[in-house]
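Single-structure report; data block below.
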Amino acid sequence: MANLNKVYLMGRLTRDPELRYTPKGTAVADLGMAINRYRGGADGGERTEETTFVDVTLWGRQAETANQYLAKGREVFIEGRLQLDSWEDKSSGQKRSKLKVVGESMQFVGGPGGGQGGGGGGQSYSSDSQPQPSAPSPSAPSQGGGYEDEEDDIPF
């Protein structure tokens with residue numbers, strides 16, 4: 001039997017990334033994401049919104065990039081895998097577990113002001129590579145117009 005463990009999430013951060021380092025110096029960032037789902041009622045009834053909260057862990061350069069450029073409210077696209085963490089609660093002695101996402105690649109969505117700037121393009125970051133530009137959005141200027149004149153060092 002074949003196995004597949006792949007998750008795609010697009011949503012907003014519920015808090016600023018929390019960056020820490022392992023004893024060996026590897027960067028680790030924890031993110032909280034809110035992903036909204038909209039459903040229409042039966043027979044054209046009232047539309048409802050359902051929010052799912054997901055914890056995401058990023059590693060290495062990707063974790064440092066998230067800490068540098070992401071903040072609460074910012075839209076982000078994460079591709080990753082599910083991981084079950086298990087531990088024993090120190091106060092009660094009970095076994096606990098939590099399902100989270102380990103991010104393997106990340107892409108900024110929208111503009112730097114919490115995603116309000118529009119635009120579908122962004123900058124992609126993979127856990128095993130350097131920043132790679134995503135495909136240009138239809139509104140991006142073609143050959144030689146526009147973006148290279150900006151002096152920002154923010155990669156989106």
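Split the accessible area of region 37-93 by element, probe 1.4 Å, and carbon with sulfur accounts for 46%. Rolling a 1.4 Å probe over the heavy atoms of the protein chains gives region 45-107 an accessible area of 62 Å² per residue. Residues whose amide H lies under 5 Å from that of E104, counting only those 5 or more places away or on a different chain, are E79, G80, R81; hydrogens are built 1.01 Å from N in the peptide plane. Pairs from the table (K24/K95; K6/K90; K24/K100; K72/K95) lying more than 26 angstrom apart at Cα are K24/K95; K6/K90; K72/K95. The simple spin-label model puts a point 7 Å past each Cα toward its Cβ; for T14 and R47 those points are separated by 2.4 nm. A dipole drawn for region 1-54 from +1 and -1 charges on Cβ atoms has a positive end, and of Y21, F53, G40 the residue lying farthest that way is Y21.
The values are calculated or read from the model by the stated rules, or taken from the named source; none is laboratory data. Bear in mind the structure is a predicted one, so any value in this text is a computation, not a measurement. As a convention, Cβ positions derive from the backbone with ideal geometry for all residues, glycine included, and neighbour counts pool all protein chains shown. Heads up: the accessible areas ignore ligands, DNA and RNA and are worked out on the full protein's heavy atoms, side chains in. Shrake-Rupley method; radii C 1.70, N 1.55, O 1.52, S 1.80 Å.
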